[in-house]
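Okay, so here's the structure we're looking at.
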Amino acid sequence: MFNDAVKRFIKILNELNINFYLVGGAVRDIIIGTESKDYDFVAEINKKQHLEISKKLKEYLNCDYQYNEYYSTTKFYVDGIDIDFVMARKEKYDGIASRPTIFEGTLYDDLKRRDYTINTIALDMINYNYIDIFNGINDIKNKKIVVLHDKSYMDDPTRFFRGIKYAARFNFNFDKYTSNLMKECIKCRLIDYLPISRVRSELDLIMNEENFIKALYYLYDFNFFNTYFNFQVNINFDLYNPIIIENEDKYVAIFYKNSLEALENIKTKLCLSNDFLEKCLKLNELNDILNYDDYKVYEFLFKNRLNKSLLKSIFNDRRINKYINYNEIKVDYDLIKSIEPNKRKEFILDYKIKHLLNEGD
């Protein structure tokens, strides 16, 4: 069930003689049968005890760690695994997306403050039995994403994005209660209370999901894009191999069909780079050029050198596929040595284009 790093962590906590629980995503993943990347352990202790135990864990494990005094959480980095050790707490929010006030709490308090029922299951590390106060196991079996309470998105609007991430990752659906609250979250513009950097961070996590296209459909169906950007956004869902696109290019792939004004707005609202804008404009131009003859298409592709993975994911065009497969064309120096230096670049381009025109599909 656990790798060696997590087993060492558990052994040390057992030796410290405290009651502790595995909670959150790791328990959910154990029940679903998928491998977890993060492990969260919670103990019913006070702030002073949490700090003392965290220092002992660091000493025993001899690893890097980050301690957060405000939340009484500690993250350890052990053999490439992230392991969190936290004080059980309850939280009080004074406003939308506000920083919560923290109180020492019980396991029940700690589970109650979480986002969705599938993340509220605890595993008692002494008796190895599940503690399922909020019916999370049943929701996992029924493939349902169920929010804990009707103020959840007001407390923390990022839960809207996390719900979509889980739905896409596990191929789950939202129950009607949760779906209605998510629609209300967007309608009331709760996302606007988040810093732009946080919205971008949450979307980055969604874009890194293997099935991020399904997540895009959820974002679209909940009217996130149109509401957040304040205009009708054109989303490109027709991606052929989206998993090969990396980083910011995913935003290029889904937004490039928008107007310049819209793209500038998207760039600002998502903290995207100038490269995003330039690539989108080039792809828009390529879209138009595909209506021209083959020579024009190849000329554009050679001159602009667009990312192959991006092209492969967006277009299913024989000329683009041929360019991707054969674009590394070598030109023998004997062919160009008699050409005037200022005309060699043009000659080489023409040579490469004609090579592709003569290459069989």
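The values are calculated or read from the model by the stated rules, or taken from the named source; none is laboratory data. The structure displayed is predicted, hence computed values, not measured ones. For neighbour counting, all protein chains shown are included, and Cβ atoms are generated from backbone atoms with ideal geometry for every residue, glycine included. Just so you know, the surface numbers come from the protein's heavy atoms only, side chains and all, with ligands and any DNA or RNA stripped out. Shrake-Rupley method; radii C 1.70, N 1.55, O 1.52, S 1.80 Å.
Structure summary
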| quantity | calculated |
| --- | --- |
| Residue check, TYR108 surrounded by 13 or more Cβ atoms within 10 Å (Cβ to Cβ), touching a residue at least 12 places away in the same chain (Cβ under 8 Å), in a helix (DSSP H, G or I) and of a type in the set (Ser, Thr, Tyr) | yes |
| Qualifying positions in segment 133-161 - outside any helix (DSSP H, G or I), farther than 23 Å from LEU123 by Cα and either in contact with a strand residue (DSSP E or B) (Cβ under 7 Å, 6 or more places away or on another chain) or open to solvent by 40 Å² or more (accessible area, probe 1.4 Å) (or both) | ASP150, LYS151 |
| Residue pairs meeting the criteria (Cβ under 8 Å; at least 6 apart or on separate chains; first under 17 Å from LEU281 (Cβ atoms), in segment 236-257; second of a type in the set (Lys, Arg) and modelled with pLDDT of 85 or more) | ASN236/LYS257; ASP249/LYS279; VAL252/LYS279; TYR256/LYS279 |
| Qualifying position, being open to solvent by 40 Å² or more (accessible area, probe 1.4 Å), out of contact with any helix residue (DSSP H, G or I) (no Cβ under 9 Å at 6 or more places or on another chain) and farther than 16 Å from ILE206 by Cα, among ASP238, ASP288 | ASP288 |
| Selection count where residues are free of Cβ contacts under 8 Å to residues at least 40 places away in the same chain and either of a type in the set (Gly, Ala, Ser) or open to solvent by 20 Å² or more (accessible area, probe 1.4 Å) (or both), scope segment 180-208 | 10 |
| Pick from segment 73-86, criterion within 14 Å of ASP40 (Cα to Cα) and not hydrophobic (A, V, I, L, M, F, W, C), ranking: surrounded by the most Cβ atoms within 10 Å (Cβ to Cβ) | THR74 |
| Helices (runs of 4 or more DSSP H) lying entirely in segment 176-239 (those with 1 or more residues that are of a type in the set (Lys, Arg) and closer than 13 Å to LYS165 by Cβ) | 212-221 |
| Extreme residue, least open to solvent (accessible area, probe 1.4 Å), among residues of segment 117-130 that are out of contact with any Phe, Trp or Tyr (no Cβ under 7 Å at 6 or more places or on another chain) and not in a helix (DSSP H, G or I) | ASN129 |
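Okay, residues lined up against (1) at pLDDT below 90; (2) open to solvent by 30 Å² or more (accessible area, probe 1.4 Å); (3) out of contact with any Cys (no Cβ under 8 Å at 6 or more places or on another chain):
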| site | (1), (2), (3) |
| --- | --- |
| ASN258 | no, no, no |
| GLU264 | no, yes, yes |
| ASN284 | no, yes, yes |
| TYR326 | yes, yes, yes |
